[in-house]
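Undergrad: Please see the structure below; I have some questions.
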Amino acid sequence: MTAAPPSAAYLYERVRRVIPPIEWSSFTNDIEAILALKRERKAVILAHNYQTPEIFHCVADIVGDSLALARNAMEVDADVIVLAGVHFMAETAKLLNPQKTVLIPDLGAGCSLADSITAEDIRLLRQRYPGVPIVTYVNTSAEVKAESDICCTSGNAKAVVESLGVARVIMLPDEYLAQNIAAQTDVEIIAWQGHCEVHERFTPADIRQLREDHPGVSVLAHPECPPEVVAEADFSGSTAAMSDYVGREKPARVVLMTECSMSDNVAVAHPEVDFIRPCNLCPHMKRITLANIRSALEENRHLVTIDPQVADRARQAVERMLAI
Ligand code: 13P
Ligand code: SF4
């Protein structure tokens with residue numbers, strides 16, 4: 001006799017403030033199937049903070065920012081890792097778990113930053129700036145990481161830059177992250193001109209309007225936002241740092257200048273905080289759905305693979321970051 005599939009009903013309590021009942025009924029079948037498949041396949045789901053609440057709160061085993069997902073990817077006890085996030089995150093999980101099956105539910109889940117630079121660009125930069133270390137944001141392909149000295153995320157970029165003990169570094173591909181870090185350190189930073197298509201759309205005028213419409217609102221901005229946006233915000237940090245800020249400071253009203261699902265996910269844990277929700281959708285993150293997570297586990301797709309020669313060098317850059 002096969003065991004009855006786990007019921008999703010108890011999970012609704014977690015998300016009822018952000019998912020209306022009518023929408024919830026369309027999720028339960030996939031949630032129950034995914035919970036059963038995870039047990040069957042000894043699989044874990046790692047989900048980024050930008051995943052929708054039914055993924056983030058109902059099927060994910062580990063959630064967090066890019067840094068937390070990379071760290072946790074190293075320690076998971078599972079045969080299969082499903083990465084509910086974008087492709088570079090799945091590649092990072094594979095780099096750190098070469099023996100495990102790593103699946104991404106939709107191969108089209110890319111990133112405008114990762115698309116903004118190639119390995120060849122980095123080789124040219126090395127010729128142009130001989131001896132200057134290259135700090136590469138994790139939002140890049142494994143090929144780009146393989147050409148780099150060390151990786152960073154938005155959660156550790158300043159510490160990584162300062163750990164190198166040099167006066168000048170190249171930091172790529174996010175121009176705004178590089179400029180925002182440059183404002184916090186004495187290290188000279190040479191930037192690339194990549195941008196996040198989600199965060200580059202926020203403007204200082206948006207913040208002024210929000211403050212006018214919602215007096216007293218705390219404004220939190222991701223460091224992929226332009227520096228003039230970060231300058232007008234009350235706080236800037238990675239997605240995890242923004243979430244921690246809300247938990248620690250418990251502002252009466254808050255706005256997160258970042259991807260849309262972030263507010264929904266953080267709001268679940270903080271019913272006392274009023275979230276004002278202008279946001280920009282990341283079309284890449286939104287390619288991941290319950291339906292394709294289920295198919296990923298049922299059909300073992302899409303397998304994330306990395307050329308072993310690229311992987312060895314890219315892994316070193318990620319491991320150097322994690323050692324800091
Ligand atoms: P975090 O590392 O802050 O989670 O950011 C990842 C990302 O893609 C933001 O756009
Ligand atoms: Fe890339 Fe921006 Fe989407 Fe993050 S939000 S995955 S940086 S496009």
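Undergrad: Test each condition in (1) at pLDDT 95 or above; (2) away from ligand 1 (no atom under 15 Å from the Cβ); (3) in contact with a helix residue (DSSP H, G or I) (Cβ under 6 Å, 6 or more places away or on another chain); (4) closer than 27 Å to Cys58 by Cα for Pro251 and report the one that comes out false.
TA: Of the numbered conditions (1) at pLDDT 95 or above; (2) away from ligand 1 (no atom under 15 Å from the Cβ); (3) in contact with a helix residue (DSSP H, G or I) (Cβ under 6 Å, 6 or more places away or on another chain); (4) closer than 27 Å to Cys58 by Cα, the odd one out for Pro251 is (3).
Undergrad: Among the candidates Ser263, Ser218, single out the residue that is away from ligand 2 (no atom under 12 Å from the Cβ) and touching a Lys or Arg at 6+ places or on another chain (Cβ under 6 Å).
TA: Ser263
Undergrad: Within segment 209-221, identify whether any single residue is open to solvent by less than 60 Å² (accessible area, probe 1.4 Å) and within 12 Å of ligand 1 (Cβ to nearest atom), and answer yes or no.
TA: Looking for residues that are open to solvent by less than 60 Å² (accessible area, probe 1.4 Å) and within 12 Å of ligand 1 (Cβ to nearest atom), one finds at least one in segment 209-221, hence yes.
Undergrad: On to the next question. Among the numbered criteria (1) part of a helix (DSSP H, G or I); (2) touching a His at 6+ places or on another chain (Cβ under 7 Å), which one does Ala241 miss?
TA: Single failed check for Ala241: (2).
Undergrad: Give me a count of the residues in segment 123-139 that are away from ligand 2 (no atom under 16 Å from the Cβ) and either open to solvent by less than 10 Å² (accessible area, probe 1.4 Å) or among the basic types (Lys, Arg) (or both).
TA: Here the count works out to 5.
Undergrad: Just to be sure, is Asp244 among the charged types (D, E, K, R), modelled with pLDDT of 95 or more, surrounded by fewer than 23 Cβ atoms within 10 Å (Cβ to Cβ) and away from ligand 1 (no atom under 16 Å from the Cβ)?
TA: Here the answer is no, as Asp244 does not meet what is asked.
Undergrad: Which residues, taken from segment 258-280, are of a type in the set (Asp, Glu), more than 16 Å from ligand 1 (Cβ to nearest atom) and either touching a residue at least 40 places away in the same chain (Cβ under 8 Å) or part of a loop (DSSP other than H, G, I, E, B) (or both)?
TA: Result: Glu272, single match.
The values are calculated or read from the model by the stated rules, or taken from the named source; none is laboratory data. Only a predicted model underlies this, so the values are computations on that prediction, with no experimental measurement involved. Note that each Cβ is placed from the backbone with ideal geometry, even for glycine, and that neighbours are counted across all protein chains shown. Accessible surface areas use protein heavy atoms only, side chains included; no ligands, DNA or RNA. Shrake-Rupley method; radii C 1.70, N 1.55, O 1.52, S 1.80 Å.
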